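The next block holds one structure in the form of structure tokens; read it before the comments.
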């Protein structure tokens, strides 16, 4: 079992996605269901991280980048010893090369 840590960038990504969903879906319960669902998917990495495949973004970095899909988003993370570090939450349609700077 891994401990899961969300990095600051991933927290910002999550907040932005949630706010965007709320602004596009006023009065709907969908944004809240989405938020609780993705949080559960992130917590689930504690037991399923090694089952997740390599992310397309993996080819751009020295460290192994894995992903878990949730709805239209990718949860990008790395495994370091006994921890899963969630690095980014991105829409699947986003250009992966945006991460390269």
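When residue 90 is tested against (1) surrounded by 14 or more Cβ atoms within 10 Å (Cβ to Cβ); (2) within 19 Å of residue 3 (Cα to Cα), just one condition goes unmet, and that condition is (2). Here residue 36 meets each of (1) surrounded by 12 or more Cβ atoms within 10 Å (Cβ to Cβ); (2) under 20 Å from residue 11 (Cβ atoms) with one exception, condition (1).
None of the figures in this text is laboratory data; all of them are computed from the coordinates on show. Every value quoted in this text rests on a predicted model; they were computed, and no experiment measured them. In this analysis, Cβ positions are derived from the backbone assuming ideal geometry, glycine residues included, and neighbour counts consider all displayed protein chains.
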